[in-house]
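Please read the structure below before turning to the comments.
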Amino acid sequence: TRTPVNVTVTGAAGQIGYALLFRIASGHLLGPDVPVRLRLLEIPQAVKAAEGTAMELDDCAFPLLSGIDITDDAKTAFDGVNVALLVGARPRTKGMERGDLLEANGGIFKPQGEAINAGAADDVRVLVVGNPANTNALIAQQHAPDVPAERFTAMTRLDHNRALSQLAKKLGVSVTDIKKLTIWGNHSATQYPDLFHAEVNGQVAAEAVNDQAWLENEFIPTVAKRGAAIIEARGASSAASAANAAIDHVHDWVNGTAEGDWVSMAIPSDGSYGVPEGLISSFPVTVTDGEYSIVQGLEIDDFSRARIDASVAELVEERDAVKALGLI
Ligand code: NAI
């Protein structure tokens, strides 16, 4: 039997945590033959709720779940961690300025980065879900100097999946008919879902759509503002779909992407496509043998260039703001 993989989930008692933990424990994160040991990190007030979720996990009798630890101490939570899902974050509340938001999240992601640096396993992979995800990932990464920088990633897979679904609906095709879709930039309203390199049954998606007005005025805003639309309709933010995207992100990072396709991940830039080196920005990536690489050689036209640049400019601003606050 294989040794269990240590998976740490922060914000485990939150709504994404509730949707995520059962799928990790049932084998969807890493694969149907990989046992997992769960570590749940919560703030002290939410430890009891996390214990309740752990009772339910017990009650599922998942064959692959070899144990659950619950803690409010980051050092304990990340000791020996192989996969870290950083979900817990400080949400923006009414009247909160961006500086306050970044500062509050710095207070979470700095110590978590330090704890990962101190105790994580050599092969640790980190996915940041908690918003502002790209910049929170950068903060954690900057406090983990002994961990290879590329192990810190942020989630744009929910945006990717939303874009797949919107495009499939528009064209009356199955999501499996669509390949090579890309989300570029920040996980925010400035993100750019790119249909100029996506393919639908082999045809360029933008050509298959053949409706620039729809692309600009419907598709891009619908994908970028989907989170707000979910809150409006559901009275709560995306949870199951966010958990599903986190599963997809880590699953593909560990197990690889399909031949002839790619996925979107926010990863530290190596300077590709003019994105300043070190920024954690979303790119098209393929994964082989557990290592991702940015798809190279795509031609970027003026329309795409302007949108990528706008989102990247926002990431630069966020980085400069956390620098100015002394958080990195
Ligand atoms: P939630 O408020 O239901 O749960 C968050 C949990 O994190 C709470 O239980 C809280 O106690 C915990 N927490 C707060 N600080 C913590 C700390 N320092 N250590 C450990 N746990 C801590 O929120 P929900 O809906 O689960 O969302 C979590 C985050 O995910 C939010 O920041 C949200 O904006 C973000 N999100 C990101 C998406 C993406 O596509 N990247 C999509 C949807 C949500």
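Values computed for the structure shown
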read-out: Three semi-axes of the equivalent ellipsoid, the chain, Cα gyration tensor, whole Å, largest first; value: 31, 23, 19
read-out: Highest-fluctuation residue, LEU215, LEU40, LEU102 considered, GNM on the chain with Cα pairs under 10 Å; value: LEU215
read-out: Residue-wise HN-Hα coupling along the stretch 260-271, computed from phi with Karplus coefficients 6.51, -1.76, 1.60 (Hz; x: Gly, Pro); value: x, 9, 9, 10, 9, 9, 8, 9, x, 5, 9, x
read-out: Shape category assigned to the stretch 44-139 from the gyration tensor of Cα positions, a/c cut at 1.5; value: oblate
read-out: Cα centroid of the stretch 1-65 to Cα centroid of the stretch 258-287, whole Å; value: 29
read-out: The chain - mean residue ellipticity at 222 nm from DSSP helices (-39,500 (n - 2.57) per run, n ≥ 4, rounded to 500); value: -13000 deg cm²/dmol
read-out: Å² of accessible area per residue within the chain, as computed with a 1.4 Å probe and no ligands counted; value: 43
read-out: Reachable lysines from LYS180, criterion Cα separation under 18 angstrom, eight or more residues apart if same chain; value: LYS169, LYS170
read-out: Neighbour net charge for VAL312 - beta-carbon separation under 13 angstrom, K R +1, D E -1; value: -3
read-out: Chain lengthening between ASP69 and GLU299 when straightened (0.36 nm per residue, less Cα-Cα); value: 78.0 nm
read-out: Under 14 Å, Cβ to Cβ, from ALA74 - net charge with Lys/Arg +1 and Asp/Glu -1; value: -3
read-out: 10 Å Cβ shell holding at most 10 others, DSSP loop, trypsin sites (Lys or Arg not before Pro): longest site-free stretch of the chain; value: 95-328
read-out: Rounded percent of accessible protein surface that carbon and sulfur make up, the chain, 1.4 Å probe; value: 49
read-out: GNM result for the chain, Cα springs below 10 Å: residue of ALA154, ALA229, ALA242 fluctuating most strongly; value: ALA229
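The values are calculated or read from the model by the stated rules, or taken from the named source; none is laboratory data. None of the values given here were measured: they were computed from a predicted structure. Methodologically, a virtual Cβ is constructed for each residue, glycine included, from the backbone with ideal geometry; neighbour enumeration extends over all protein chains shown. The protein model used for the area step is the full one, side chains on, heavy atoms only, and it has no ligands, DNA or RNA in it. Shrake-Rupley method; radii C 1.70, N 1.55, O 1.52, S 1.80 Å.
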